[in-house]
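The values are calculated or read from the model by the stated rules, or taken from the named source; none is laboratory data. As the structure is a prediction and not an experimental result, all values here were calculated from the model. Every residue, glycine among them, receives a Cβ derived from its backbone with ideal geometry; neighbour counts consider all protein chains shown.
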Amino acid sequence: MTREPLVSVRGLAFDYGRRFRLEDVSFDLAGGEILGVIGPNGSGKTTLVRLLSKVHEPERGEIRLGGVPLRDLPRRALARQVAVVPQDLRLAFPLSVEELCLMGRHPHAEGRFFEGPEDLAKARTAMTLAGVLDLRAAPLETLSGGERQRALLARALAQEPRVLLLDEPTSHLDLRHQRDIVGLLRHLSRDRGVAILLVSHDLNLSAEVADRLLLLSGGRVARLGGPAEVFDEAMLGAAYGCPVRVETSPVSGRPIVGVRL
């Protein structure tokens with residue numbers, strides 16, 4: 001049975017001037033699906049996240065969320081449905097992990113200036129899921145890169161989103177925490193029906209966790225499909241500008257890629 005798309009993107013275009021542009025990007029993302037977005041530096045992966053979260057407005061094309069054009073959604077209404085885990089965190093003022101996580105409750109607190117018991121409970125649940133509950137009182141500036149990344153994930157989970165956009169969420173994590181995050185993403189998609197868009201430079205992790213992959217090259221969709229379909233040696237070699245080899249994992253049966261030296 002085909003799942004109805006929660007996110008629908010059609011003919012998306014955005015220009016960064018001389019740096020690069022996105023052109024004619026189209027795809028769907030269903031609830032309960034993990035879509036991995038891969039591609040070389042400058043291919044438009046982070047820009048796509050910014051367009052989906054309304055940080056940027058597209059020049060052409062349309063994004064729909066639950067059938068509603070994204071341009072028609074107020075930012076607070078969008079934040080009740082879409083959460084972002086960015087690559088980095090820029091702080092305007094000092095915050096603890098718990099204070100950061102409670103910021104994820106703001107879209108649900110219209111007309112209120114302070115969080116209530118329900119917000120505190122949901123923030124604690126989010127911190128537990130992200131593995132940072134024991135760090136709740138720690139100032140963010142004292143955390144390691146991996147701890148900060150998990151704190152950002154906790155903030156996103158506290159929003160209770162229908163759509164989760166992650167930009168390199170495992171880049172600062174050690175192997176154990178990478179495993180924990182992958183397990184959490186699978187739980188969110190399969191058990192809670194969250195639609196997840198995962199941007200990653202780690203091709204093999206993307207192939208392992210994602211239901212489908214979107215390969216961007218030169219600002220365009222080079223291929224969209226299952227990992228075995230996208231992990232084509234000629235296709236990846238052309239996109240990344242180097243010869244690659246694709247093999248099959250003896251554990252998962254999914255494709256794995258390496259550079260031919």
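Within the stretch 86-105, work out how many residues are buried (at least 17 other Cβ atoms within 10 Å of the Cβ), part of a helix (DSSP H, G or I) and of a type outside the set (Val, Ile, Thr).
The qualifying residues number 5.
Given the structure, is Gly104 among the small types (Gly, Ala, Ser), in contact with a helix residue (DSSP H, G or I) (Cβ under 9 Å, 6 or more places away or on another chain) and assigned by TED's automatic domain parsing to the domain that holds Tyr240?
For Gly104, the condition - among the small types (Gly, Ala, Ser), in contact with a helix residue (DSSP H, G or I) (Cβ under 9 Å, 6 or more places away or on another chain) and assigned by TED's automatic domain parsing to the domain that holds Tyr240 - is not met.
Yes or no, residue by residue, for (1) touching a helix residue (DSSP H, G or I) at 6+ places or on another chain (Cβ under 8 Å); (2) closer than 25 Å to Gly11 by Cβ; (3) at pLDDT 95 or above; (4) of a type outside the set (Phe, Trp, Tyr):
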{"residue": "Leu197", "(1), (2), (3), (4)": "yes, yes, yes, yes"}
{"residue": "Leu215", "(1), (2), (3), (4)": "yes, yes, yes, yes"}
{"residue": "Gly218", "(1), (2), (3), (4)": "no, yes, no, yes"}
{"residue": "Leu224", "(1), (2), (3), (4)": "yes, yes, yes, yes"}
{"residue": "Pro250", "(1), (2), (3), (4)": "no, no, no, yes"}
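Run Glu141 past the list (1) out of contact with any strand residue (DSSP E or B) (no Cβ under 6 Å at 6 or more places or on another chain); (2) in a loop (DSSP other than H, G, I, E, B) and report the number of the one that doesn't hold.
(2)
Out of Leu102, Leu78, Leu70, Leu29, report the one residue that is among the aliphatic types (A, V, I, L, M), closer than 19 Å to Leu164 by Cβ and free of Cβ contacts under 8 Å to residues at least 24 places away in the same chain.
Leu70
Is the stretch 173-184 home to any residue that is at pLDDT 90 or above, within 23 Å of Gly241 (Cα to Cα), out of contact with any Cys (no Cβ under 9 Å at 6 or more places or on another chain) and among the hydrophobic types (A, V, I, L, M, F, W, C)?
No, that holds for no residue.
Name the one entry in Gly258, Gly219, Gly226 that is within 23 Å of the chain's Cα centre (by Cα) and either over 29 Å from Arg60 (Cα atoms) or surrounded by fewer than 17 Cβ atoms within 10 Å (Cβ to Cβ) (or both).
Gly226
Please go through the stretch 19-65 and give me each residue that is over 27 Å from Tyr240 (Cα atoms), buried (at least 16 other Cβ atoms within 10 Å of the Cβ) and not charged (D, E, K, R), ordered by number.
Selection gives Ala30, Gly31, Gly32, Ile63, Leu65.
Which residue out of Leu197, Leu214, Leu236 is assigned to a helix (DSSP H, G or I) and surrounded by 18 or more Cβ atoms within 10 Å (Cβ to Cβ)?
Leu236
Output the residues belonging to the stretch 217-229 that are within 23 Å of Pro250 (Cα to Cα) and assigned to a loop (DSSP other than H, G, I, E, B).
Result: Gly226, single match.
Being in contact with a Leu (Cβ under 8 Å, 6 or more places away or on another chain), within 30 Å of Lys122 (Cβ to Cβ), touching a residue at least 60 places away in the same chain (Cβ under 8 Å) and polar (S, T, N, Q) is true for just one of Gln178, Gln149, Gln159. Which residue is that?
Checking each option against the conditions leaves just Gln149.
Buried (at least 16 other Cβ atoms within 10 Å of the Cβ), modelled with pLDDT under 90 and outside the structural domain of Ile34 (by TED's automatic domain parsing): is that true of Gly131 in this structure?
no
When you go through Ala138, Ala156 one by one, which is the residue that is at pLDDT 90 or above and surrounded by 22 or more Cβ atoms within 10 Å (Cβ to Cβ)?
Ala156
Does Ser206 meet the test of being on the phi < 0 side of the Ramachandran plot, in a loop (DSSP other than H, G, I, E, B) and in the same structural domain as Arg21 (by TED's automatic domain parsing)?
So Ser206 fails the test.
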